[in-house]
Amino acid sequence: MNRLRLIGFSLALSAFIYACKVQMATNTPVNTSPTTVAAVAVVDKDTALPLAPFSITPLTPEQSQQAFVLPPGYHMELVASEPMITEPVAIAWDGNARMYVAQMETYTQDADGTGTKDKKSRVMLLEDTNNDGKMDKSTVFIKDLMLPRMILCVNHELLVNETDTYDIFSYKDTNGDGVADERKPVYVLGKVAPGNLEHQRSGLDWNLDNYIYQTVDPIRFRYVGGVLKPDSLHSGSNGQWGLTHDNYGRLYFSRGGGENAGSGFQINPKYGALEFADAYSEEKFSPVWSRISNPEVQGGAPRLRPDSTLNHFTSGNGQSIFRGDRLPADLVGDYLINEPVARIIRRAKVINREGKTYLEKVYEHKEFIASTDFFFRPVNTYTGPDGLLYVIDMNRGVIQESNWTKKGTFLRGKIDQYGLDKINQRGRIWRLVHDSYKPGPKPNMLDVPAGTLVGYLDHPNGWWRDNAQKQLVILGDKSVVPALKQMATGQKGASALGRLHALWTLEGLDAVDKDLLTAALKDSDAQVRRASIWISERYLTQNDTDMMARVGNLVNDENYDVKTQLLLSLGANKNERAQQITQDLLVRNPDNQMLARVKTSIAKNEDAKVYGMKLGGFTPAERKLIVSGGEIYKGMCSPCHGGDGNGLPTNAAPALRGAKHLNHDKDFAIRILLHGLKGPIEGKSYPSEMASMKDNTDEWIASVVSYIRYEFVGTSSRAIKGRQSAVVQPDEIKKVREAYASSRDPWTIDELEKQLLPASTPK
């Protein structure tokens, strides 16, 4: 034992000496004062690997590049940094690989969030003119925006959504100077999007199925005739910051607020919601492994190990499935997700077992990408047109929005102690490169004939396939339909992925027919067969019995993804033949967990479509409040409390279904939403407090309270009565708000009980 301790001490000492040498070589002071160095090296008890000492002196891009800890053979290259970009949060490439960068330049510029909603943010246009991987030309494409959060390139235009609005506008540069001079609406609701900016949408992900998806709001879009046509998702959307898809159109959301490292990847939200508690091991997958101390954690001491490293995902975001062709092949298809508090990027394998998707981490007690730069803040990852992995690094002191950095909180104490709110207006874009990397050609997909694009549908890089399909659908040139049909049916020797993209491109051009789909139903690749069932819904929903019989022939398919899609596509159909097929499918696979749960999810989704029918006893105005509250809850609250109100496996927040205080008195819920809640709840502590929602309107809060009181009451007589009187009116919110006109701290349960419960009421 003494020998082991000596080895551990020697490792730690060696690491400290090495780190000091590195710091001195880069002119970064070491241990010069308590304000520049917060810790010396410590030994991680689980790995016996030393952690690096951390400095809170900001690093230059060149110094930061040396601070990455990567697997052998990998290195990071700088693509762009300040002053060319500042506060980057998202990027998008057009068909010619020009990069647009959305910047939230007023995000948490001090711990109180001063000026957050000022319209001073921009979208930058960056170009790499010599194809060396580093951006060397930049222009301000759009200025005077409020925290742009979603961007998507369509042909020569850029779609942009800003914070606090549902509206999406298209911007175009008509004279070639790199500055947008034409702006037009593509989706306009004309009303304010409520909620804290961390709880608003992200995405605009053009998926394989030609729908454009986003997080939070229960809606997806089709781009038709230059505008976005909305389509409702009846069971709500999913996630918070970050959205991606894999080669087969499977969407991957994240739920940072729920301390969840991945979610929403079992079925498309069109069919409902489906999560499995064992989709990844909470014990093995949720712990994170930083290479430096992470003292400024919102959850405080319970979220820190003795060595001050983060012990668990708290803000998983910006995930991607790597689909490029210029990094080692074993990375393709892997799931990557950021944890900016730990300064790491997790890598996981995506495992399919009998139709159910699992995530399994690749490395034990270490991460795929880590940094000893204290200000490394990864917020998004992408597969790039060059086949490499791109990482968006805000490189700043405070990563949380000011609602969570209030005076008196653990986090605020650390921010003030280290002066973290002074480190902003920075930002880096990195790309991960392997020693074996050989550059390929630069894409040129704009202003080329549609026929040229068809060949790119079989490109080994998923970015090329996606963008070729998108461009073909936008162009709408049906002269390529014969070539696409030949590709989709295997007559041109295309790979399975090429056939898959050809099939979906035909769907986007409205050029599929039953003969084409029937041929695809017999494809040797399971994912092509699955896609054919999916696309066949245009016939199945019209009760086309001929097509129903054709897809029904796959009831005994050997692949569970195919069987699952068959159930998804037919499970809600009331046609007798459709019901027989789904019944046969379930009877023949009685032990398959995926199919059983899909059937339940479909039933719940159908209930959601007719949810208004359950509210017959309420007035139209009351029904509107409850339904509106349900939409808000599913998009914003479910990431922490669970879509069914039963909480999450991560125990990020208490369950609401049957909660004692929720059932007892509406004033509990009103005050909690207005002012927040902290401390133990019925003897149990949670990693973070409930934030104040007071910035939202009275009607917004009334709708959320009305929904949770309607949906999550228990079965007691008091609860049933509470359901019948669930609705809370906006003037009731206003009354409580006015009673606390001056700001107040979040409530504790003890405070609420003393104020709101009769003295004789037992606790």
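Computed from the coordinates by the stated procedures, all read-outs in this text should not be read as laboratory data. This one's a predicted model, so the numbers in the text were calculated from it and none came from an experiment. Quick reminder, even Gly has a Cβ in these numbers, built from the backbone with ideal geometry, and neighbours come from all protein chains shown.
Add -39500 (n - 2.57) for each DSSP H run of 4 or more in the chain, then divide by its residues: what number comes out at 222 nm, to the nearest 500 deg cm²/dmol? If you can, show how the numbers build up before the last one.
On the way: 23 runs with 228 residues, N = 763.
The per-residue figure over the chain is -8500 deg cm²/dmol.
Order by neighbour count: GLU82, GLU711, fewest other Cβ atoms within 10 Å first, most last. Working shown, then result.
Working: GLU82 15, GLU711 18.
So the residues, fewest neighbours to most, are GLU82, GLU711.
Quote the convex hull volume per residue of the stretch 526-639, based on C-alpha atoms, as a whole number of Å³. Before the final figure, lay out each step's value.
On the way: hull volume 15.7 nm³, N = 114.
About 138 Å³ per residue, rounded to a whole number.
Taking the square root of 5 times each eigenvalue of the Cα gyration tensor, what semi-axes in Å does the equivalent ellipsoid of the stretch 326-437 have, largest first?
Values: eigenvalues 194, 66, 26 Å².
For the stretch 326-437, the ellipsoid semi-axes come out as 31, 18, 11 Å.
Fewest to most neighbouring Cβ within 10 Å: what's the order for PHE221, PHE276, PHE285? Before the final figure, lay out each step's value.
Numbers: PHE221 21, PHE276 15, PHE285 18.
Least to most surrounded, the residues fall as PHE276, PHE285, PHE221.
Of LYS366/LYS414; LYS143/LYS366; LYS407/LYS734; LYS422/LYS684, which ones are farther than 30 Å apart at the Cα? Spell out each step's value before the answer.
On the way: LYS366/LYS414 25 Å; LYS143/LYS366 41 Å; LYS407/LYS734 25 Å; LYS422/LYS684 36 Å.
Beyond 30 Å: LYS143/LYS366; LYS422/LYS684.
Among all the lysines, which ones have a C-alpha under 19 Å from LYS522's C-alpha, if same-chain residues fewer than 8 places away are not counted?
Excluding near neighbours in sequence, the set is LYS485, LYS492, LYS514, LYS563.
If r is the Cβ-Cβ distance from LEU189 to TYR363 and R0 is 25 Å, what FRET efficiency results, to the nearest 0.05? Could the numbers behind the result be given before it?
Values: r = 44 Å, r/R0 = 1.77.
Working from the Cβ atoms, E equals 0.05.
Please tell me the relative contact order of the stretch 525-595 in percent, rounded to the nearest whole number, where contacts are Cα pairs under 8 Å and at least six residues apart.
Working: 61 pairs, mean separation 22.1, N = 71.
Relative contact order for the stretch 525-595 comes out at 31 percent.
Calculate, in whole percent, how much of the Cα-Cα pair population of the stretch 144-299 lies beyond 22 Å.
Values: 5891 of 12090 pairs.
Here the long-distance tail beyond 22 Å is 49 percent of all Cα pairs in the stretch 144-299.
What does the convex hull of the Cα atoms of the stretch 394-466 come to per residue, in Å³, rounded to a whole number?
Numbers: hull volume 14.0 nm³, N = 73.
Cα convex hull per residue, to the nearest whole number: 192 Å³.
Identify, among LEU516, ASN467, VAL481, the residue whose Cα sits farthest towards the positive end of the charge dipole of the stretch 430-552, taking +1 on the Cβ of Lys and Arg and -1 on the Cβ of Asp and Glu, with the dipole about the Cα centre.
Of the candidates, ASN467 comes out farthest on the positive side.
Can you sort VAL480, VAL227, VAL379 so the residue with the fewest Cβ neighbours within 10 Å comes first? Walk me through the numbers before you get to the answer.
Values: VAL480 22, VAL227 16, VAL379 25.
With the sparsest Cβ surroundings first, the list reads VAL227, VAL480, VAL379.
Show me the three semi-axes of the equivalent ellipsoid for the stretch 61-434, from the C-alpha gyration tensor (sqrt of 5 times each eigenvalue), largest first, rounded to whole Å. It would help to have the intermediate numbers written out before the result.
Details: eigenvalues 159, 121, 98 Å².
Sorted largest first and rounded, they come to 28, 25, 22 Å.
Can you tell me which aspartates and glutamates have their Cα less than 17 Å from the Cα of LYS666? Leave out same-chain residues fewer than eight positions away.
Reachable aspartates and glutamates: GLU622, ASP698, GLU699, GLU711, ASP731, GLU732, GLU738, ASP750, GLU751, GLU753.
For LYS361, give me every one of the lysines with a C-alpha distance below 17 angstrom, ignoring sequence neighbours fewer than eight places off in its own chain.
LYS284, LYS349
At 25 °C and 0.890 mPa s, grab the translational diffusion coefficient of the stretch 450-511 from Stokes-Einstein with a Kirkwood Rh over Cα pairs, rounded to a whole number in µm² per second.
Numbers: Rh = 10.8 Å.
Value of D from the Cα-based Kirkwood radius: 226 µm²/s.
Taking just the C-alpha trace of the stretch 612-756, give me its Rg and Dmax in Å.
Here Rg and the maximum Cα pair distance are 14.4, 41 Å.
Let me spell out the model: positive unit charges on the Cβ of Lys and Arg, negative unit charges on the Cβ of Asp and Glu, origin at the Cα centre of the chain. What dipole size does that give, in debye rounded to 20? Display every interim value, and only then the final one.
Numbers: 91 positive and 91 negative charges, 262 e Å.
Here the size comes out at about 1260 debye.
Counting every Cα pair in the chain, what percent are over 39 Å apart?
Values: 109316 of 290703 pairs.
Cα-Cα pairs of the chain separated by over 39 Å account for 38 percent.
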